[in-house]
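Below: one structure, written as C-alpha cells.
What follows is calculated from the coordinates using simple rules that are stated; it is not laboratory data. Remember, predicted model here, so these are calculated numbers, not experimental data. Positions of Cβ are backbone-derived with ideal geometry, glycine not excepted, and every protein chain shown enters the neighbour counts.
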C-alpha cells in the first residue's frame, strides 16, 4: 500500500440527530465506511485526517464526544476477530478515486 495513506477509525457520540447525520455524510465523503453505528473506518492521507479532526472539533457540542485513531492493522484485526463484518469492506487502497 502507498505510504501516503493510513488507516483511521473515527468514533463519535453526538446527541443531535441532524449534526450526527451531517457528520456521517462528511466522513463518508472522505471514503470512510461505517463499521458500527457512529464508528467509521478507512484509509486517508494525513491532510484528510487533520481535516476530519477539524470537522469533529467544529461540529461536536459541549457534551458530545469523538475521536480519530490510527490503529495500524485494524483491518486485519476486525476481519480476524470481528463478528458480522464483510472482509471486502477492509481492502487496502493505493489511491482515492476522483469523481
Q: Kindly put 9, 52, 26 in sequence by how many other C-beta atoms sit within 10 Å of each C-beta, fewest to most.
A: 26, 9, 52
**Q.** Taking 62, 56 and counting other C-beta atoms within 10 Å, the order from fewest to most
**A.** 62, 56
Q. Residues of segment 1-39 with amide nitrogen under 16 Å from the 7 Å Cα-to-Cβ point of residue 69?
A. 7-13, 33-39
Q) Any idea what the relative contact order of segment 6-82 is, in percent, if you count C-alpha pairs under 8 Å spaced at least 6 apart? A) 47
Q: Would you order 58, 6, 43 from fewest to most other beta-carbon atoms within 10 Å of each residue's own beta-carbon?
A: 58, 6, 43
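Assuming R0 = 25 Å, can you tell me the calculated FRET efficiency for the pair residue 37 and residue 3, based on Cβ-Cβ distance, to the nearest 0.05?
0.20
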Q: First check a/c for segment 6-82, with a ≥ b ≥ c the square roots of the eigenvalues of its C-alpha gyration tensor; if it is under 1.5, answer rounded, and if not, answer prolate when a/b is larger than b/c or oblate otherwise.
A: prolate
